[in-house]
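Heads up: the structure comes next, in structure tokens.
The values are calculated or read from the model by the stated rules, or taken from the named source; none is laboratory data. Worth saying up front: this structure is predicted, and the values here are computed from it rather than measured. Note that we place each Cβ from the backbone using ideal geometry, even for glycine, and neighbour counts take in every protein chain shown. When the accessible area is computed, the model is the full protein with side chains, heavy atoms only, and any ligands, DNA or RNA have been set aside. Shrake-Rupley method; radii C 1.70, N 1.55, O 1.52, S 1.80 Å.
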Amino acid sequence: MHRTPFPTCPSDVVALTVAEFAGGLDLDQSVPIDAVCRRFLDDANRAVVCVIRFRALTAWSERTDTVAWLQAEPRHTDHAREIAASFALNDDWEFDAEPFRSAVEALVG
């Protein structure tokens, strides 16, 4: 079995499948680390990646300009979860706001 490498820098954060990342995520709630670890019993580093991606998504979704945009179209939240599973992180371990939003908009079509 292939183990996920521990991410020591943002470029090390591997992509997850949408099912791995978005399954059961609620942006309005914090994600308990033990719940994430239970989802990735065979690969603790993959659980770390999930938490990093969730925190990046949460930081993006809490931006003042993003909150209203997400509320205006409820599908945006679901699409943001899908994009967050594999979107590249910046040097601050976050998603660059405008490129991320553009990716969500492209998915909405």
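Think of a 1.4 Å ball rolled over the protein heavy atoms: the chain then has 57 Å² of accessible area per residue. Checking [x] 2, 12, 18, 21, 16, 11, 7, 5, 4, 3, 1, 0, 0; [y] 2, 13, 26, 28, 21, 9, 1; [z] 2, 13, 24, 25, 19, 10, 5, 1, 0 against P(r) over Cα pairs in 5 Å bins from 0, in percent calculated from these atoms, the matching label is [z].
Surface calculation, 1.4 Å probe, protein heavy atoms: Asp42 sits at approximately 90 Å² accessible.
Accessible area per residue was computed with a 1.4 Å probe on protein heavy atoms; Trp93 scores about 80 Å².
In the chain, a dipole from Cβ-located charges (positive for Lys and Arg, negative for Asp and Glu) runs towards its positive end, and of Thr4, Ala84, Ala68 it is Thr4 whose Cα lies farthest in that direction.
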